[in-house]
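The values are calculated or read from the model by the stated rules, or taken from the named source; none is laboratory data. Just so we're clear, the structure is a prediction, and the values are computed from it rather than from any experiment. Note that we place each Cβ from the backbone using ideal geometry, even for glycine, and neighbour counts take in every protein chain shown.
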């Protein structure tokens, strides 16, 4: 069992990610959530690059974000990822984004995924991937 | 009453918007929805630039996207925007993204907004903006 | 000979493309130049999608941008593209970005390309693409 | 004198940064160079956030990138930044991007900057910023 802290992605808000409101643009959050998901897989001994290289993609079928507080340029952000559902045809992750300076909640979110082949056709996630992934499902709060 | 078709944003999927799955990356959809919202305002005689210039922003407080079918490089996409709620402290838009070649549904989505000042503090939307905007609320399907 | 005006890409600066300086972020200009290049090809009866579908990519090997004047949210921008060199192993485009309201010059730029296969290996551009493209070379000013 | 290694930004190629060629899209490199510049300033005891907060921006006036080798999803990249010119009205940084696995050169680049005020008007960089920055100029190779 890896230290759960290893599964946290630490990032800094890039200047390019801000908008003219002076905050991180909302469309950047799904990018951070995706990077958090990749880091979570790595921390659990799974590589999203290997999954892709084997011809399977986890296409995003649904996305939800609740924005609680702004993030600003150069803020240190922690992306906490949890897998809450893993079936052969559907997977769901939830996310909590925290400001690392004061621990304040920036945003929560979730993403749903369907396994697909290289042509984008839905398929059953091969057992070789499903078994180790399903073992990592946590209950949502 | 403007022709509702004027409120539709027409765009082409940019090469930079694709990812290595060969499709438009999911984080681009909120960018298209935002551009659709700006076009919708313009078509109804309202300018988001003017709203911003008056010191009011419509910060995004919530975001949801359901992905139905992939969009590919150079696909022509139509973003249909509707305002479904407009109160002084909360606004909600819904979106339908269609492939212009065959009319197929690419994605649906919604966004929630809170009016804020330049420092990001929530405020009541000034009447001068609220009245014309509230007059444009449509019922969701 | 197509009307050269058809080869001009017209776009509006998206909100997501601004940064906290209140202007379009500089990394967006290469995206606009790329979209201009795709439009230029289309206007000349060539489709970058078809080139890609045939297994050939025009990988970017060099990029240069001079920023003359800021572009702001919702500004209408015209991207003028010209091909100034086309050989079997190297192609070069130059760009002029104008503010459509007053015709002012926003930026100039250039991009260099090498034809590659799907694995990214350099190759000679097939004659079927090179001949029609080479016929479109214009002298730089 | 800080360890020069502290001035190196380490990043991983995000999935969202890839394109349908299966490589990091070329417009992402200026974003990485900017993040490298911010890290370089931090490593030398300077904060770009503080410079911005004082009302001074280092607007990008020129940009150049030479792409040597592709970067792929999840590749570990090191961005080496050097300041090669610092005057009150002009600054120039150069960059080397390396693949951290094999040390291979991914890209080289440069960026030119002019100090501006919040309205985007060019100004002389205040002595309080110029002096510590000018002390860090290195000769290009």
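Worth a mention:
- So residue C:14, is it under 15 Å from the mean Cα position of the chain (by Cα), under 24 Å from residue B:35 (Cβ atoms) and buried (at least 18 other Cβ atoms within 10 Å of the Cβ): no
Rundown of residues vs (1) in contact (Cβ under 8 Å) with a residue 60 or more places away in the chain; (2) in a strand (DSSP E or B), yes/no style:
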residue	(1), (2)
C:59	yes, yes
C:69	no, no
C:82	no, yes
C:103	no, no
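- Only one entry of D:37, D:49 meets the criterion of being within 12 Å of the chain's Cα centre (by Cα) and more than 30 Å from residue C:56 (Cα to Cα), and that entry is D:37.
- Neighbours by Cβ (under 6 Å, 6+ apart or cross-chain): first from segment B:114-128, surrounded by 14 or more Cβ atoms within 10 Å (Cβ to Cβ); second in a loop (DSSP other than H, G, I, E, B): B:115/B:56; B:115/B:123; B:115/B:125; B:120/A:70; B:123/B:117; B:125/B:88
- Once segment C:81-97 is narrowed to residues that are closer than 30 Å to residue C:20 by Cβ and more than 8 Å from the chain's Cα centre (by Cα), the residue that is surrounded by the fewest Cβ atoms within 10 Å (Cβ to Cβ) is C:96.
- Residue-level check: of (1) closer than 25 Å to residue A:24 by Cα; (2) modelled with pLDDT under 95; (3) out of contact with any strand residue (DSSP E or B) (no Cβ under 9 Å at 6 or more places or on another chain), residue B:132 misses just (1).
- So residue C:92, is it part of a strand (DSSP E or B), out of contact with any helix residue (DSSP H, G or I) (no Cβ under 7 Å at 6 or more places or on another chain) and over 21 Å from residue D:29 (Cβ atoms): no
- Screening the candidates D:78, D:107, D:71 for the property of being surrounded by fewer than 20 Cβ atoms within 10 Å (Cβ to Cβ), touching a strand residue (DSSP E or B) at 6+ places or on another chain (Cβ under 6 Å) and at pLDDT 95 or above yields one hit, D:78.
- Yes/no for residue D:47 being touching a residue at least 60 places away in the same chain (Cβ under 8 Å) and more than 7 Å from every other protein chain (Cβ to nearest Cβ): no
- Some residue of segment D:63-82 being in contact with a helix residue (DSSP H, G or I) (Cβ under 6 Å, 6 or more places away or on another chain) and more than 8 Å from every other protein chain (Cβ to nearest Cβ): yes
- Test for residue D:55: is it within 12 Å of the chain's Cα centre (by Cα), under 24 Å from residue A:71 (Cβ atoms), more than 14 Å from chain B (Cβ to nearest Cβ) and not in a strand (DSSP E or B): no
- Being within 14 Å of chain D (Cβ to nearest Cβ) and more than 12 Å from the chain's Cα centre (by Cα) is not true of residue C:111.
- Residue list for segment C:8-44, filter: within 14 Å of chain A (Cβ to nearest Cβ) and assigned to a helix (DSSP H, G or I): C:15, C:16, C:17, C:26, C:27, C:28, C:29, C:30, C:31
- Complete set of residues in segment B:130-141 that are farther than 12 Å from residue B:87 by Cβ and either in contact with a helix residue (DSSP H, G or I) (Cβ under 9 Å, 6 or more places away or on another chain) or surrounded by 15 or more Cβ atoms within 10 Å (Cβ to Cβ) (or both): B:136
- Per the listing A:60, A:94, the residue uniquely within 13 Å of chain B (Cβ to nearest Cβ) and on the phi < 0 side of the Ramachandran plot is A:60.
- Evaluating residue A:50 against the criteria (1) surrounded by fewer than 18 Cβ atoms within 10 Å (Cβ to Cβ); (2) not in a helix (DSSP H, G or I) leaves one unmet condition, (2).
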